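Scroll down for the structure; my scribbles are underneath it.
A short reminder: the numbers here are calculations on the coordinates, not readings from a lab. Given the structure is predicted, the values throughout are model-derived calculations rather than measurements. Backbone-built Cβ (ideal geometry, glycine too); neighbour counts: all protein chains shown.
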Amino acid sequence: MSDNHLDSNVPGNPAYHFTVVPPGTEPAAGWARRGELLAGAGTGTQCIHAGSQPDPAYGSVMPPVYLTSTFAFSDIGSNGGFDYTRSGNPTRERLETAIATLEGGSGATCTGSGMSAVLVALNLLEHGSHVLCTVDCYGGTFRTLEHARNVYGLEVTYLDLADLDAVRAALRPNTRMIWVETPSNPLLRLSDLGALAAIARGTSALLVVDNTFLSPVLQRPFDFGADLVVHSTTKYLNGHSDVVGGAVVAGPGREALAQRIAAMNNLLGTSQSPHDCYLVLRGLKTLRVRMRAHEANALAVARALADHPAVASVNYPGLPTHPQHALAKAQQKGFGAMLSFELKDASPAAVNRVLLALRWFTLAESLGGVESLVAHPATMTHASMTPAARANAGIGDGLIRLSVGIEDPEDLVEDLRRALD
């Protein structure tokens, strides 16, 4: 029954008789205007409405999930805009529109995982290209770059991208990409996006920014001159630890680049499934409110850790003691919910004792869900790095990484204090 508790098809109730609109009818003017107004709307409004205008077929408020592998042609060379789901799908197109809108880009392509998003971006490079990469990048990114170095002739230099003189010195005639994690995973180091964009513009290099840790709610790399933004949508964009996905977004005015990443996604067969796209699109609706709750909890946790005698140091840009706190305030809209800390006692027994004593922080890889997670980078997220590479990056055996969830902050702080005590 409808809200008026009257069946619209009951004879004798003409006031409640609805005209059936044929599928494909143009949407009402108010619906149609949402797209053109989104660019100037607030982030919270964009999160809820980007890619989610009512479906023109039957007015569905939530986008339908098109669980089909193929689409019918009405004639030779004529279809409804889609032919095969690997190449394009209406549900995936909704999510791609939403992510591109939130990042302020010209187009996005959604992939089956964060690592496949990395692959799509790297496959834009020609054989023999040189890449500069954040030294303490995610272990999976390191593993992929090393594979490309060994098998496909990619040249890679890992360095602290905050050292702009070192970046300039590392440039080569064949440098084609600067790969940035800011904040980095797992040491939360920052890179000056505007300065790196200026360096990239002076070469033939693309500036690629992995924005997974902050999301477009807290950082918009295109505002500082980035060419591509990469996401593991598994993390904050989805936010509920029930989807694996990725996205690559082309910057504003880069329509040709947007077409290239879409074509590469199709070529590699890395497209995200319609159902997973639907779940990420659902998660986006609460992204803004979740990020604010995550951040408030992370700040409380970071302050508590900084005061604990068992902790040697805390890596969180929201603390005034962080060496790049000023840069974080300048290029970010918030400090995020990822942090790491070093134990004074870095022995395996001491680290394991803390990890296993926690109750609200689940020992698991990944991040960005509503629940709090704890990881030991040296043996988990960055285990694929060689010991020498971890040492070069500054990832020690006593380092613990937290993804702070949206539980009550008092419970999270008490849990950490009890485990450390």
Revision key, fill the gap. Total charge of the residues flanking residue 330 in space, meaning their Cβ is under 14 Å from its Cβ, with Lys and Arg +1 and Asp and Glu -1, is +1
Exercise for review: Determine ³J(HN,Hα), in whole Hz, for all residues of the range 405-421 in sequence, where each value follows from phi through the Karplus function 6.51 cos²θ - 1.76 cosθ + 1.60 and θ = phi - 60°; x replaces Gly and Pro.
Suggested key: x, 10, 5, 5, x, 4, 5, 5, 5, 5, 4, 5, 4, 5, 5, 6, 5
Study note, to complete from the structure: The local net charge around residue 226, scoring Lys/Arg +1 and Asp/Glu -1 for residues other than residue 226 whose Cβ lies under 14 Å from its Cβ, equals -3
Study note, to complete from the structure: The set of residues whose placed amide H lies less than 5 Å from the amide H of residue 363, leaving out same-chain residues fewer than 5 positions away, is 374
Practice item. Based on the mean of other Cβ atoms within 10 Å per residue, sort peptides 405-411, 116-122 so the most packed one is first. Key: 116-122, 405-411
Study note, to complete from the structure: Packing-ranked peptide list from 160-170, 293-303, highest mean Cβ count within 10 angstrom first, is 293-303, 160-170
Revision key, fill the gap. Any chymotrypsin sites (Phe, Trp or Tyr not before Pro) in the range 97-167 that lie in a DSSP loop and have at most 15 other Cβ atoms within 10 Å would be none
Practice item. Return the distance in nm (one decimal) between the two label points of a simple spin-label model at residue 266 and residue 151, each offset 7 Å from Cα along Cα→Cβ. Key: 2.5
Practice item. Counting other Cβ atoms within 10 Å, keep those with at most 15, restrict to DSSP loop, and tell me which trypsin sites (Lys or Arg not before Pro) in the range 359-421 are left. Key: 359
Review point. Expressed in nm to one decimal, what extension gain is obtained for the pair residue 307 and residue 73 from 0.36 nm per residue of sequence separation less their Cα-Cα distance?
Key: 77.7 nm
Check your understanding: For the chain, what is the calculated [θ] at 222 nm in deg cm²/dmol (nearest 500), taking -39500 (n - 2.57) for each run of four or more DSSP H residues and dividing by its residue count?
Key -> -11000 deg cm²/dmol
Check your understanding: By the scheme Lys and Arg +1, Asp and Glu -1, what is the net charge of all other residues having a beta-carbon under 10 Å from that of residue 213?
Key -> -1
Check your understanding: Working out 0.36 nm times the residue gap between residue 346 and residue 61, then minus their Cα-Cα distance, what length gain in nm do you get to one decimal?
Key -> 97.4 nm
